[in-house]
Amino acid sequence: MIEVRKITDQDLEDIRLINQLNSSNPNKPQNEKEFCLYFYVEYYAKFEKENSFIAIDTDKNETVGYILASKDYRQYISNIENDFKERASELGFEERFFLETHCFELYGKDYPAHFHIDVKPGYQHEGIGTILLKTEIKHMKDNGVKGLMLIVGKNKESGNKFYEKNGFKVIDSNDLCYVRGIRL
């Protein structure tokens, strides 16, 4: 049975592991691993616990997925710049840091919230991502958020089908990715 609940500090190691298991390049250099872990996990665990959830297989007592979210892009940019901008530069990712944080500004008026979701290999395509996403959408609606968005690589065929199936429309695109959003 799958149970979903808000994340706690005790969940961080499981979330990190799932993030690494889903990495497009598990052999990336240490500086890039540190950057990605902060950017896709640590930030949310530090600043956005109230907006983030994990899925647990209660039969195995195992964390099998997560959805980490920020409900306000302006607060997100402020927090992440104050907390990590200097370190991102030290790691050699100043330009990537800027691009990945400020990409939300263009759509923030209509889609102020964004998220990152992963399901552990071996548990994918079992509906866990849908359960997590529906939990997040309900949470955001209950908190007065009017839109949720994310960026998905055009080469992520399975992911794009998943978001389309769950009501996320393409609101913009470039050569590499789609910006997808849903109004709440």
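Read-outs throughout are calculated quantities, based only on the coordinates presented, and are distinct from any laboratory measurement. Because the structure is predicted, anything quoted here is derived from the model rather than measured. Because the Cβ atoms are built from the backbone with ideal geometry, glycine has one as well, and the counts that use them run over all protein chains shown.
Here are some notes:
- ³J(HN,Hα), Karplus 6.51/-1.76/1.60, whole Hz, each residue of region 29-39, x for Gly, Pro: x, 4, 5, 6, 4, 4, 4, 5, 4, 5, 5
- Size of charge dipole - region 44-184 - debye, nearest 20, with Cβ of Lys, Arg +1 and Asp, Glu -1, no other charges: 540
- Among Gly92, Leu21, Ile67 - extreme Cα towards positive end, dipole of the chain, charges at beta-carbon: Ile67
- Helical content of the chain, expressed as a calculated mean residue ellipticity at 222 nm, amounts to -12000 deg cm²/dmol (DSSP H runs of 4 or more residues, -39,500 (n - 2.57) each, divided by residue number, nearest 500).
- Charge dipole magnitude, Cβ of K and R +1, D and E -1 - region 1-106, Cα centre, debye nearest 20: 100
- Global form of the chain, assessed from the alpha-carbon gyration tensor, a/c cut-off 1.5: rounded
- With the simple model of a label 7 Å out from the Cα in the direction of the Cβ, Glu81 to Lys169 spans 3.0 nm.
- Fully extended contour minus Cα-Cα distance, from His125 to Glu3, at 0.36 nm per residue: 42.3 nm
- Sites Arg96 and Thr58, calculated FRET efficiency, Cβ-Cβ separation with R0 35 Å, nearest 0.05: 0.40
- Once backbone amide H atoms are built at 1.01 Å from N, Gly65 has Ala55, Lys120 as its partners under 5 Å, excluding neighbours fewer than 5 places away on the same chain.
- Dipole of the chain, positive end: most advanced residue of Cys103, Asn31, Asn82 [Cβ charges, Cα centre]: Cys103
- For the residue pairs Lys134/Lys161; Lys28/Lys138; Lys71/Lys165; Lys85/Lys146, the C-alpha atoms sit more than 25 angstrom apart in Lys28/Lys138; Lys85/Lys146.
- Label-to-label distance, Lys134 versus Lys146, with points set 7 angstrom from Cα along the beta-carbon direction: 2.7 nm.
- Spin-label model, Lys109/Leu17: points 7 Å from Cα along the beta carbon direction are separated by 4.5 nm.
- Table column - 3J(HN,Hα) (Hz), region 170-184, Karplus curve with 6.51, -1.76, 1.60, x for Gly and Pro: 6, 10, 5, 7, 9, 4, 9, 8, 10, 9, 10, x, 9, 7, 9
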